[in-house]
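K.L.:
What follows is a single structure, and I will ask about it in a moment.
The values are calculated or read from the model by the stated rules, or taken from the named source; none is laboratory data. Values in this document were obtained by computation on a predicted structure and should not be read as measured data. Because the Cβ atoms are built from the backbone with ideal geometry, glycine has one as well, and the counts that use them run over all protein chains shown. Side chains included, ligands, DNA and RNA excluded: accessible areas come from the protein's heavy atoms. Shrake-Rupley method; radii C 1.70, N 1.55, O 1.52, S 1.80 Å.
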Amino acid sequence: MESSAVTEDPAVQYLVLRRDLFDSSSLGSVLRQGSSAAVAAIWENRDDPLTLFYCSPPNVDSMRKVTLEVKGEAQILNLAEKLKNGGIIHKLWTEESQKLLVCLATRPYQKSLVSSFFKKLKLCNAVPRTPVALIDSSCTDEGKQSTKADKLVQHLVVRRDIMETWPLGSIVTQACHASVAAIWEHKEEDHHTIHYCSSPIPDSTNKVIFEVNNEDEMIRLSDKLKEGAIAHKLWIEQPENIPTCLATKPYPEPLLSSSFNEINLCK
């Protein structure tokens with residue numbers, strides 16, 4: 001695919017969240033669910049030519065995602081049916097602990113091929129707020145401890161200063177970018193990554209979302225992980241050229257715990 005065609009008609013991954021859930025869930029839960037759906041849609045279509053192009057080394061650092069919202073379960077099911085009937089491949093993410101449909105992600109498509117399916121949906125521009133219900137156990141202290149077994153886990157870290165100033169959709173997009181990039185860059189030979197994203201893809205994958213206060217703390221954490229040989233992706237958002245999110249590749253939890261034991265969970 002030629003670069004001029006991409007500029008005119010870029011490859012985009014669409015993500016759709018449920019407003020009724022993110023209005024009452026922790027930010028960490030929303031970020032975990034959104035990034036899980038994005039990774040699953042990419043992984044299940046990892047041999048697709050446009051997915052390969054979208055995640056290729058020249059393009060992975062400039063991935064495009066659009067994060068939208070629907071009112072509730074009925075609307076997300078209607079959208080999934082509409083996409084299915086239109087031949088648009090997507091992942092409808094189910095939160096296994098609650099048997100709840102929480103979000104939807106497409107595989108990458110050229111924007112002109114899929115934009116009509118989403119033209120009536122709103123951008124997710126909600127302001128993140130303190131949850132009042134539906135707290136996901138994976139984003140609580142109890143949930144943090146529950147991953148301490150031999151299960152593989154991916155850790156994501158977001159910036160508190162960005163969470164306080166950016167809309168929810170933009171924050172979810174950053175987390176998805178970092179999570180997808182960290183998985184993709186280790187998908188060929190890393191056995192932890194391959195196992196993490198396999199059988200069944202990957203509806204029971206574990207992610208834990210942390211937060212740091214600002215850019216300086218994010219950079220220090222990245223340096224610490226480099227010193228400890230913990231492979232990760234520090235996502236640099238363009239054109240702002242600022243680090244917004246960090247994601248490790250999947251590891252057994254004990255290998256990550258010492259690097260993250262002084263960092264707060266994102267709640």
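K.L.:
Can you give the relative contact order of the chain as a percent, counting alpha carbon pairs under 8 Å and 6+ residues apart?
P.N.:
The normalised contact order for the chain reaches 26 percent.
K.L.:
Let me ask something additional. Quick one: compute the contact order of segment 174-242, relative version, from alpha carbon pairs under 8 angstrom and 6+ residues apart, as a percent.
P.N.:
Computed over segment 174-242, the figure is 40 percent.
K.L.:
Considering amide H positions built from the backbone, and no H for Pro or chain starts, which residues 5 or more places from LYS207, or on another chain, come under 5 Å of its amide H?
P.N.:
GLN154
K.L.:
May I ask you to evaluate 6.51 cos²θ - 1.76 cosθ + 1.60, the Karplus curve with θ = phi - 60°, for each residue of segment 34-48 and list the ³J(HN,Hα) values in order in whole Hz, giving x for glycine and proline?
P.N.:
3J(HN,Hα) across segment 34-48, in whole Hz: x, 5, 5, 5, 4, 5, 4, 5, 5, 5, 5, 10, 5, 9, 5.
K.L.:
Quick one: Cα convex hull volume of segment 73-120, Å³ per residue? Before the final figure, lay out the partial values.
P.N.:
Values: hull volume 3.4 nm³, N = 48.
In segment 73-120, the Cα convex hull volume per residue is 72 Å³.
K.L.:
Would you please classify the overall shape of segment 1-97 from the alpha carbon gyration tensor, given that a ≥ b ≥ c denote the square roots of the eigenvalues, rounded means a/c under 1.5, and beyond that prolate means a/b larger than b/c while oblate covers the rest?
P.N.:
prolate
K.L.:
Let me ask another. Where does each of TRP184, TRP166 land when they are ordered by accessible area, with a 1.4 Å probe and the largest first?
P.N.:
Largest accessible area first, the residues go TRP166, TRP184.
K.L.:
Using amide H atoms built 1.01 Å from N in the peptide plane, name the residues 5+ places from LYS65, or on other chains, whose amide H lies under 5 Å from its own.
P.N.:
GLN13
K.L.:
By how many nm would the segment from ILE236 to ASN213 lengthen if fully extended, with 0.36 nm per residue of separation less the alpha-carbon distance?
P.N.:
6.6 nm
K.L.:
Once you keep just the Cα pairs under 8 angstrom separated by 6 or more residues, what percentage relative contact order results for segment 1-130?
P.N.:
Once normalised by length, the contact order is 41 percent.
K.L.:
Further, regarding this structure: Once every DSSP H run of n ≥ 4 in the chain is given -39500 (n - 2.57) and the sum is divided by its residues, what mean residue ellipticity at 222 nm do you get, rounded to the nearest 500 deg cm²/dmol?
P.N.:
Only helices count here, giving -11500 deg cm²/dmol.
K.L.:
In addition: Return the label of the correct value of percent of Cα pairs over 25 Å apart, as calculated from the structure shown, out of (i) 40; (ii) 54; (iii) 51.
P.N.:
It is the one labelled (i).
K.L.:
A follow-up question, please. Which residues does a label at ASN78 reach in segment 17-35, if reach means a backbone N under 18 Å from a point 7 Å past the Cα toward the Cβ?
P.N.:
What the label zone holds, given the 18 Å backbone N cut-off, is 17-21.
K.L.:
What are the ³J(HN,Hα) values, in whole Hz, obtained from phi via the Karplus relation 6.51 cos²θ - 1.76 cosθ + 1.60 with θ = phi - 60°, for each residue of segment 257-267 in sequence order, with x given for Gly and Pro?
P.N.:
4, 5, 7, 10, 6, 10, 9, 6, 5, 8, 10
K.L.:
Can you tell me the Rg and Dmax of segment 49-135, counting just the alpha carbons, in angstroms?
P.N.:
14.9, 43
K.L.:
For segment 223-231, take each phi angle, set θ = phi - 60°, evaluate the Karplus expression 6.51 cos²θ - 1.76 cosθ + 1.60, and give the result in whole Hz per residue in order, putting x for glycine and proline.
P.N.:
Those phi angles translate into 4, 5, 5, 4, 4, x, 6, 9, 5 Hz.
K.L.:
Taking amide hydrogens as modeled 1.01 Å from N in the peptide plane, which residues meet the under 5 Å criterion relative to GLU95, leaving out close sequence neighbours?
P.N.:
LEU100, LEU101, VAL102
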